[in-house]
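Below is one structure, written out as structure tokens; the observations come after it.
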Amino acid sequence: MSISDEDGEILVKTARLVVTQYLKTGRKIPVPEDIKSRFSYNSGVFVTLNRKENLRGCIGFPTPDRKLYQSLVDASIASATSDPRFPPVKYEELSEITFEVTVLTPPTVIKVEDPLEYPKMIKVGRDGLIVKWEFGSGLLLPQVPMEHGWDEEEFLGYTCEKAGAPQDYWKRKSTMIMKFEGIVFKETGPNGKIVRVNL
């Protein structure tokens, strides 16, 4: 999957525009036709909001079930208003918030004979992870272990924790581990220049 820098800039600007309008009017703006046609392929996407280096909201769709422009609009609004970890973003806060959009490749199941092989099958800085077990699933984006300085085993452990499982649950044969890659674009500051993040 290749996404140009220009595409990345449009995705981040659209995310900001959608949230700004929604917080101002309470309505979803219709997506312009040129953006619809440009991003009318199916893809997973996450939208991350940061305020002064701290996470302020992050919601998305891991699987390519819907068109990218649809998922982008819904993920943008949800990350601003529906992340259960934070109160909804207020319109006045937007001048302090940076927007980040991660477009995901379709997740693939990592196949191993022995779960202890998992750390060798993933690469920090390239892969994001999804852990599925009996009682739920959890996802961490590829940029998360980079931000925290985790190695592969720690990344697996924290993804289990995100799924509500004990940290060592990746060592169980019954646990399913999937990986995906992400293409990340973000503002360098609130409403600032948009850059591609090299993981």
Quick check on the range 179-194. Is at least one of its residues under 22 Å from Val19 (Cβ atoms) and without any contact (Cβ under 8 Å) to a residue 60 or more places away in the chain? yes
Pick from Phe155, Phe99, Phe86: which is surrounded by 16 or more Cβ atoms within 10 Å (Cβ to Cβ), aromatic (Phe, Trp, Tyr) and farther than 24 Å from Arg196 by Cβ? Phe86
Of all residues in the range 45-67, count the ones that are more than 23 Å from Thr188 (Cα to Cα) and touching a residue at least 24 places away in the same chain (Cβ under 8 Å). 5
Selection status of Lys24, surrounded by fewer than 16 Cβ atoms within 10 Å (Cβ to Cβ) and either among the aromatic types (Phe, Trp, Tyr) or farther than 16 Å from Pro190 by Cβ (or both): yes
If we keep only residues of the range 122-142 that are farther than 15 Å from Lys171 by Cβ and touching an Asp or Glu at 6+ places or on another chain (Cβ under 8 Å), then the residue surrounded by the most Cβ atoms within 10 Å (Cβ to Cβ) is Gly128
Residues of the range 132-150 satisfying the condition of being in a loop (DSSP other than H, G, I, E, B) and either within 19 Å of Phe180 (Cβ to Cβ) or polar (S, T, N, Q) (or both): Leu141, Pro142, Trp150
Odd one out for Gly157 among (1) without any contact (Cβ under 8 Å) to a residue 40 or more places away in the chain; (2) touching a strand residue (DSSP E or B) at 6+ places or on another chain (Cβ under 8 Å); (3) small (Gly, Ala, Ser): (2)
Out of all the residues in the range 41-62, is one or more loosely packed, with under 13 Cβ neighbours inside 10 Å, in contact with an Asp or Glu (Cβ under 9 Å, 6 or more places away or on another chain) and modelled with pLDDT of 95 or more? no
Enumeration of residues in the range 160-178 that are of a type in the set (D, E, K, R), in a helix (DSSP H, G or I) and touching a strand residue (DSSP E or B) at 6+ places or on another chain (Cβ under 8 Å): Glu161, Lys162
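The values are calculated or read from the model by the stated rules, or taken from the named source; none is laboratory data. These figures come from a predicted structure and were not determined experimentally. FYI the Cβ positions are ideal-geometry reconstructions off the backbone, even for glycines, and counts take in every protein chain you see.
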